[in-house]
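Notes follow the structure.
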Amino acid sequence: MKCWGFCRMNEITQGLYEAARLIFSLDSDLLEIVGLSLRVTLTAVVIASAIGLPLGAWLVINRFRFRRATIAVMNALMGLPPVVVGLLVYMLLSRSGPFGVLDLLFTPTAMIIAQVIIILPLIASISHQTIRDLWAEYHDLLISLGASRRQRIMALLWDGRRALLTAMLAGFGRGIGEVGAIMIVGGNIDHSTRVLTTAISLETGKGNFAFAMGLGFVLIGLAVAVNLLIHTLSRTERASVW
Amino acid sequence: MKCWGFCRMNEITQGLYEAARLIFSLDSDLLEIVGLSLRVTLTAVVIASAIGLPLGAWLVINRFRFRRATIAVMNALMGLPPVVVGLLVYMLLSRSGPFGVLDLLFTPTAMIIAQVIIILPLIASISHQTIRDLWAEYHDLLISLGASRRQRIMALLWDGRRALLTAMLAGFGRGIGEVGAIMIVGGNIDHSTRVLTTAISLETGKGNFAFAMGLGFVLIGLAVAVNLLIHTLSRTERASVW
Amino acid sequence: MLQTRLAPADSILPLTLTGAVAKVYGKTIAGPIDLQVTGHGTTIVLGPNGSGKTTLLRLMHGLQRVRKGSVTWALPDTQARLRQSYVFQSPIMMRRRVADSIAYPLILRGMPRKQARAKAIEWAQEFGLGAALDRPAPVLSGGEKQKLSLARALISGPDILFLDEPCANLDGRATREIETLLARAQAGGTRIVMSTHDMGQARRLASEVVFMLGGKVHETGPAQDFFNGPKTPQAVAFINGDIVE
Amino acid sequence: MLQTRLAPADSILPLTLTGAVAKVYGKTIAGPIDLQVTGHGTTIVLGPNGSGKTTLLRLMHGLQRVRKGSVTWALPDTQARLRQSYVFQSPIMMRRRVADSIAYPLILRGMPRKQARAKAIEWAQEFGLGAALDRPAPVLSGGEKQKLSLARALISGPDILFLDEPCANLDGRATREIETLLARAQAGGTRIVMSTHDMGQARRLASEVVFMLGGKVHETGPAQDFFNGPKTPQAVAFINGDIVE
Amino acid sequence: DIKLAVTTSFHNSGLSDVLLPAIKEDLDLTVKLLVVGTGQALRLGQAGDVDAILVHSRQAEEAFLAAGYGTHRREIMYNDFVLIGPKDDPAGIQHAANATEALQKIAQSKQKFVSRGDDSGTHKKERALWKAADLADVSGQSWYRAAGAGMGATLNTASGMNAYVMADRASWLNFGNKGDLALLFAGDPVLFNQYAFIPVNPELHPHVKTALVEKLENWLTGAHAEQLISSYKINGELLFTFNAKP
Ligand SMILES: Nc1ncnc2c1ncn2[C@@H]1O[C@H](COP(=O)(O)OP(=O)(O)OP(=O)(O)O)[C@@H](O)[C@H]1O
Ligand SMILES: Nc1ncnc2c1ncn2[C@@H]1O[C@H](COP(=O)(O)OP(=O)(O)OP(=O)(O)O)[C@@H](O)[C@H]1O
Ligand SMILES: [Mg+2]
Ligand SMILES: [Mg+2]
């Protein structure tokens, strides 16, 4: 069989076919992996949002000496290399590390911790930017009404909730596609800590490109589904600011 | 020497020491790697911004049938797993792929292509969100003044430039810390396509945690420097909306 | 003296509204409205708060979607678009400096940046913004923002100018100055359609009155007739500053 | 009838400004200003556009940083904060529904949500916003926004109320109604400080006048004296609607 | 310059850092190393993205040749696999007579064992050993963890878990994160690990640099390479045994 320079394209088609096959056969391994992927990333997004959104708002409403530097560092931490985060968490959770007694290494909890660290700066930075614009609008009113710091943060987060969704979705995207850190702290152990991205990485190493692509398509489909669901639920596109 | 459960911590300290040593010795290998990292990611950010910013604006000012779905998909693509992107680009650029004759595989150009694909949805999504708020403010005026579609996009991008910086910085962060895709299409070839993240990955595989951490700190330092520089140049924190 | 009209050839007028209706999420907020704006002069739109004055102006200007009926100009919409201007009830300030904000409509119409800025500076001075040229527009005082809006609307020399309570935040002197500028624009051939709550101003400027109530045109006619002999009891009450429902 | 004051015990007044200066990026935009606001009554702040009326009100209310001199209340700032209200020149609408927007100051002060909403609905009706309760505040008409701002400012029963041209977008009837509500609030013990361009309104409401010019207090005194015998030629000119520089 | 795909275990040994500069000097040839999984290396060769491959997985190599993707297979050197485990050796494999017995002991004591689980040469070898020990079904056991990763990552996982693991000697010696692990068992001849060099078939991929590949192959099987390989030691231990036939 001669290869006409398009045999790679076939692998993409094959990947789509693999994806379809995996989905329609409801492969139980796949379901397990997908379930863990979602569980880890959604938990990480929730935790990171619970910290990152108020942090972003806090940085907006407070003026202090090193505010500018803090924001620049927070922005910079969006570039935290996952592998380094993985290493750090590995060292902390390793048996000989300070939190070794908790025995968390190679568990989904460790993966969640690593993802929270990776996602947090992203969510905090984007929400900071969003809230800054809203604060410019609300500043005078909230000060005038005598809202406390906490009340200001609450008002900004609540009224900016639609826009803050983008921050959370960006965090979800970063988390669900991440592989470097969870590979190190999760170990990609079959039936225990294997998620979609680590499985894709594994199949790539094996040279099973079509299967890897198939898993990739499943992952993308999953991300699209989650995004559509959230957009629909929150009716973001219904009104422009509302 | 007994390990008191804190020997891992020492590795972090050691990592800091390694980082300092690398920087102050102006190690020529390090400079080469850092230079390539910056070159690849900055180029990717510039290209992705040139496409993503106008795209984000375009999606804001145009209403069409599948607008909502398009935006949800764009948001979802923020979750594109780097490994899948790497594979895809690999297949396209491979000798037996459709663009094989260009001989781009395992070159910095291939790495830039992969990074553009990864960064683009992030930049487009965040800028879309930012511009949406500005459009809510400008909508009536720009329509009233009879600005053409191109003029509207230009006005939104120009007047929102400070806020759009966050989108670009997020893209930079994602790119500079990315490893999965450039590992596959760049090949991590010494003196040719090795960047900071792939070097970190390599050292981690060898169990050289201190050295890997050292490189990680260099990378974080680099990201902080770039962010501080850009913040300073653009004076983002000088005025709230201005 | 400022030269306003750029292309005073054929006019985009008359403007015709036929059964025009504005809806928001299915709820009618104004209309159906039948109205024609022709020739020269100044039409003043009157009516209590929430009666649909702003909505009517936005319908005419094409900012509010026409959900039923039609709004048509003598020329095709694309040409009509660039020959109208609008001054918003709450000024919309671009995040630019004052001079650049005023120059913007000229730049949109293809004038070279330098020439546009020079002209904008001249206009800014005429409108009493000479000291604020390099200030960011969003930090201007309320009245200064109104003035900027007016200058920005008039600089392109429109065939028709819509104004939504343009003097609401202006002091007595500025109001009189603006009225002079409007009169001059009108003399230069610009048709003016303006809403206001200032009955004195209405009497001074109006050649024709449209009285809105509950989203509909309740009464319309030449200014003389309206102020001296309003036909409906609601108009009588409104002119006297009484409750109108 | 609406009950306004929540805690009519000791007052945060008098308010004292001593050499207060407002600067923006090093440039003085108002001051130095010496002024005292005591007892009861209504102070009307007059002056041409850009003369510093808004800046003076913001200085008093603590929105504009005092760069030199001082602005002090009879009580500590933290207590004073919650017992003042401010109505902005361009209404600031939160991205909430009308009823929730009006209830917000009460919720901030610890009132249970349900109770606050019930009271807010009562107030909205009193202010003619009964039909708009569930509308998002940002889509209200210009006049409706002004009314919302007023209701939101008065519902917490402040000791002192600052108003920056609150009737600029209101029709004749609404203006008179608001004036009645202000008079009632004043009778209930609320001190009022208000800027306006409407000289008729100034004459109707003022017990004291502050005339601003070029960022400084140019003339001040009881309303009677100011309107009948202004001491400075600029004030004379301003009252006559003439050019003041 | 030419591109050569190698497996992680070869690169982790550090030998390439010795060989590449020598090649540059002797032949004025820059060898670009692509460090990937065995399967991926074979795919790169198949697609013509590299000029030659250097792997250690006999069966896969032969299948590669049979399909016509490579011209021939040239053995260069071998090292051996070793069994690593916790210093205190709870399964007691230290005194096992042979590899089969060592694995059986691990299985009997149900001590944690981390497998590459990535179909690499090392993994295939490991599976063959389990099979030889009549334990072909280990993959379902709870103590048997398939990491699905490269050699280094698998060693990191084993170190983190304090588990048994099979590795090639070179990777083990070069590994910096030993933790409480120690080399417990080695020396059984079945553990030998042969590395072979396979040039990519120029008939399928005319762009491959056959002449340079030949030069490289001759150098790798030549005297200078033998001398470098035979003297490459870490902590005084020899890593590879040169066995190329001239
Ligand atoms: N942030 C700022 N930067 C520069 N100038 C400013 C800034 N804020 C206010 N000013 C200037 O200070 C002057 C006083 O402004 P202020 O808003 O107090 O005027 P005002 O009396 O309320 O006018 P109006 O009747 O138009 O509302 C104006 O000329 C204004 O342009
Ligand atoms: N998006 C919207 N959703 C719901 N109601 C709306 C919307 N936009 C306008 N309205 C309502 O339509 C009515 C007419 O509004 P419009 O702004 O035309 O009034 P107006 O005559 O200009 O009043 P004003 O004198 O207060 O400026 C108002 O009651 C307003 O609340
Ligand atoms: Mg209106
Ligand atoms: Mg003002």
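Every read-out reported here was derived from the displayed coordinates using simple, explicitly stated rules and does not represent laboratory data. As the structure is a computational prediction, the values presented were derived from the model and not from experiment. Methodologically, a virtual Cβ is constructed for each residue, glycine included, from the backbone with ideal geometry; neighbour enumeration extends over all protein chains shown.
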Inset, instruction - Report the residue, chosen from D:G47, D:G26, D:G229, that carries the largest GNM mean-square fluctuation when chain D is represented by alpha-carbon nodes joined by springs under 10 Å. - result: D:G26
Legend entry - Inter-part distance where segment E:70-133 and segment C:186-230 are each reduced to a Cα centre, Å: 96 Å
Legend entry - Sequence-distant residues sharing a close amide H with C:K23 (under 5 Å, placed H): C:I29, C:R67
Inset, instruction - Return the average number of partner chain Cβ atoms within 10 angstrom of each residue Cβ along peptide C:88-96. - result: 6
Inset, instruction - Starting with the fewest neighbours, write out E:T71, E:T30, C:T232, D:T180 ranked by other beta-carbon atoms found within 10 Å of each beta-carbon. - result: D:T180, C:T232, E:T30, E:T71
Legend entry - Average beta carbon contacts from partner chains per residue of D:48-57, 10 Å cutoff: 5
Inset, instruction - Can you check how the C-alpha radius of gyration of the protein assembly as shown compares to 2.2 N^0.38 Å, as a plain ratio? - result: 1.15
Inset, instruction - Only helical DSSP H runs with n ≥ 4 go in: add -39500 (n - 2.57) per run for chain C, normalise by residue count and round the 222 nm mean residue ellipticity to 500 deg cm²/dmol. - result: -10500 deg cm²/dmol
Legend entry - Label point distance in nm, E:A66-B:I47, each placed 7 Å from Cα along Cα→Cβ: 4.2 nm
Legend entry - Cleavage-rule hits (chymotrypsin sites (Phe, Trp or Tyr not before Pro)) in segment B:37-85: DSSP loop, at most 13 neighbouring Cβ within 10 angstrom: B:F64, B:F66
Inset, instruction - State the Cα centre-to-centre distance between segment A:194-215 and segment B:165-208 in whole Å. - result: 19 Å
Legend entry - Relative contact order of segment C:143-245, defined on C-alpha pairs under 8 angstrom at six or more residues apart (%): 20 percent
Inset, instruction - Tell me the label-point distance for the pair E:Q108, D:K231, using the 7 Å Cα-to-Cβ offset, in nm and rounded to one decimal. - result: 11.1 nm
Inset, instruction - Take every residue in peptide A:184-194, count the Cβ atoms of other chains within 10 Å of its Cβ, and give the average of those counts. - result: 6
Inset, instruction - Using the Cα centre as the reference, give the magnitude of the dipole from point charges on the C-beta atoms of chain C (Lys, Arg: +1; Asp, Glu: -1; all else neutral), rounded to the nearest 20 debye. - result: 940 debye
Legend entry - Cα shape, segment C:84-199, gyration tensor, a/c 1.5 rule: oblate
Inset, instruction - Would you please state which residues of segment D:53-92 a label at A:R67 would reach in this model, taking the label point 7 Å out along Cα→Cβ and a backbone N cut-off of under 16 Å? - result: D:63-66
Legend entry - Fraction of the pair-distance distribution of chain E above 34 Å, Cα-Cα pairs, percent: 18 percent
Inset, instruction - Check the straight Cα-Cα distances from E:K87 and name the lysines below 19 Å, setting aside those fewer than 8 residues away within the same chain. - result: B:K2, E:K105, E:K110, E:K112, E:K178
Inset, instruction - Using only Cα atoms, locate the centre of segment B:78-120 and the centre of segment A:36-79, then give the distance between them in Å, rounded to an integer. - result: 31 Å
Inset, instruction - Please report D:M60, E:M151, D:M93, C:M199 as a ranked list, fewest other C-beta atoms within 10 angstrom at the top and most at the bottom. - result: C:M199, D:M93, D:M60, E:M151
Legend entry - Spherically averaged projected area in nm², based on the convex hull that wraps the Cα atoms of chain C: 13.3 nm²
Legend entry - DSSP-loop GluC sites (Glu not before Pro) across segment E:135-225, with at most 13 other Cβ within 10 angstrom: E:E203
Legend entry - Per DSSP, loop chymotrypsin sites (Phe, Trp or Tyr not before Pro) in segment E:121-180 with at most 16 further Cβ within 10 Å: E:W143
Inset, instruction - With chain C rotated onto chain D, spot the residue of C whose Cβ lies nearest the axis and note the distance in whole Å. - result: C:A168, 2
Legend entry - Selected from E:T154, E:T122, E:T210 as most flexible by GNM, with chain E as the system and alpha-carbon contacts under 10 Å: E:T210
Inset, instruction - Please find the FRET efficiency linking A:T232 to A:L38, where r is the Cβ-Cβ separation and R0 is fixed at 25 Å, and quote it to the nearest 0.05. - result: 0.90
Inset, instruction - Quick one: among A:L53, A:L22, A:L120, which has the greatest mean-square fluctuation in a GNM of chain A with alpha-carbon springs under 10 angstrom? - result: A:L22
Legend entry - Rounded if a/c under 1.5, otherwise prolate or oblate - segment C:116-164, Cα gyration tensor axes: oblate
Inset, instruction - Averaging sequence separations of C-alpha pairs under 8 Å and six or more residues apart, then dividing by the length of segment B:27-234, give the relative contact order as a whole percent. - result: 30 percent
Legend entry - Over segment A:27-234: Kirkwood hydrodynamic radius from C-alpha pairwise inverse distances, Å: 18.3 Å
